[in-house]
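Chemist: Before I ask anything, let me first share the structure, which is written out below as structure tokens.
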Amino acid sequence: MIRESSIHFISPVGKWLRLPLSQKLTVLHVLLVALVVEGAIRLAPVAKLARWLGVPFRPGDEQTPGAPVDPPDLDDKDRRRARLTLAVMDHWPFVEGTCLRQSLVLGHFFRRHDPTLRLGVKREDCHLTAHAWIEVGSATLGLDESFLPFRRFV
């Protein structure tokens with residue numbers, strides 16, 4: 001009998017096997033960077049880790065970020081990396097909330113575009129919810145419409 005957790009693992013592997021070789025290599029690169037981030041995030045302060053990955057955390061004002069849009073100067077390779085990074089992190093087994101890890105990995109791949117790591121919070125009833133995303137110029141990556149109430153913080 002196949003367990004449900006096995007099916008959760010088999011599906012991504014089956015998809016990976018059907019990818020062209022160049023995309024398989026990109027997924028392996030994403031996995032390698034994500035594993036490094038997973039280990040380092042437990043040992044180093046976030047600001048130091050972000051700087052080391054090439055996506056510095058820059059405290060901003062308390063304005064609500066703009067609507068999520070793709071940076072206009074991304075080429076096809078960048079867009080494919082972003083898509084594959086999101087797919088890998090959607091199946092990340094180590095933690096439930098992966099937005100910080102995803103943002104660090106995306107920022108590492110987009111470091112030539114001078115990305116900025118942003119952290120934000122929003123109040124939901126009686127508790128705070130945190131989220132991380134990347135900003136490249138006025139564009140945002142990793143922030144969907146449901147998170148627009150988030151406010152940047154230092």
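Chemist: With the checklist (1) part of a loop (DSSP other than H, G, I, E, B); (2) surrounded by 15 or more Cβ atoms within 10 Å (Cβ to Cβ); (3) modelled with pLDDT under 90; (4) touching a Ser or Thr at 6+ places or on another chain (Cβ under 9 Å) in hand, flag the one item Leu84 doesn't pass.
Modeler: Evaluating Leu84 over (1) part of a loop (DSSP other than H, G, I, E, B); (2) surrounded by 15 or more Cβ atoms within 10 Å (Cβ to Cβ); (3) modelled with pLDDT under 90; (4) touching a Ser or Thr at 6+ places or on another chain (Cβ under 9 Å) leaves (1) as the failure.
Chemist: Out of all the residues in region 13-59, which are among the aliphatic types (A, V, I, L, M), more than 14 Å from Thr116 (Cβ to Cβ), free of Cβ contacts under 8 Å to residues at least 24 places away in the same chain and in a helix (DSSP H, G or I)? Write out each step before concluding.
Modeler: Applying the first criterion (among the aliphatic types (A, V, I, L, M)) to region 13-59 yields 13, 17, 19, 21, 25, 27-28, 30-37, 40-41, 43-44, 46-47, 49-50, 53, 55.
Narrowing the set further to residues that are more than 14 Å from Thr116 (Cβ to Cβ) leaves 13, 17, 19, 21, 25, 27-28, 30-37, 40-41, 43-44, 49.
Still in the list and also free of Cβ contacts under 8 Å to residues at least 24 places away in the same chain: 13, 17, 19, 21, 25, 28, 32, 35-36, 40, 43-44.
Selection gives Val13, Leu17, Leu21, Leu25, Leu28, Leu32, Leu35, Val36, Ala40.
Chemist: Can I ask one more? Just wondering, is there one or more residues in region 60-71 that are surrounded by fewer than 18 Cβ atoms within 10 Å (Cβ to Cβ), at pLDDT 85 or above, assigned to a loop (DSSP other than H, G, I, E, B) and not acidic (Asp, Glu)? First the steps, then the outcome.
Modeler: In the first step, residues of region 60-71 are kept if they are surrounded by fewer than 18 Cβ atoms within 10 Å (Cβ to Cβ); the result is 60-64, 66-70.
From the residues that got through so far, the ones that are at pLDDT 85 or above too are none.
For region 60-71, residues surrounded by fewer than 18 Cβ atoms within 10 Å (Cβ to Cβ), at pLDDT 85 or above, assigned to a loop (DSSP other than H, G, I, E, B) and not acidic (Asp, Glu): absent.
Chemist: Sticking with this one: So His8 fits all but one of (1) modelled with pLDDT of 90 or more; (2) over 23 Å from Thr129 (Cα atoms); what number is the exception?
Modeler: Result: His8 fails condition (1) only.
Chemist: Going through Arg51, Arg42 one at a time, which residue ends up being at pLDDT 90 or above, exposed (fewer than 13 other Cβ atoms within 10 Å of the Cβ) and of a type in the set (Lys, Arg)?
Modeler: Working: Arg51 fails: exposed (fewer than 13 other Cβ atoms within 10 Å of the Cβ).
Result of the check over Arg51, Arg42: Arg42.
Chemist: Another question, if that's okay. Kindly provide the set of residues from region 87-110 that are modelled with pLDDT under 85 and not in a helix (DSSP H, G or I), ordered by number.
Modeler: His91, Trp92, Pro93, Phe94, Val95, Glu96, Gly97, Thr98
Chemist: When the residues of region 87-142 are narrowed to those that are of a type in the set (Phe, Trp, Tyr) and either over 13 Å from the mean Cα position of the chain (by Cα) or closer than 19 Å to Leu43 by Cβ (or both), which ends up surrounded by the most Cβ atoms within 10 Å (Cβ to Cβ)?
Modeler: Only one residue tops the list, namely Trp92.
The values are calculated or read from the model by the stated rules, or taken from the named source; none is laboratory data. All values reported here derive from a predicted model rather than from experimental measurement. All Cβ positions, even for glycine, are placed from backbone atoms using ideal geometry, and neighbour counts span all protein chains on display.
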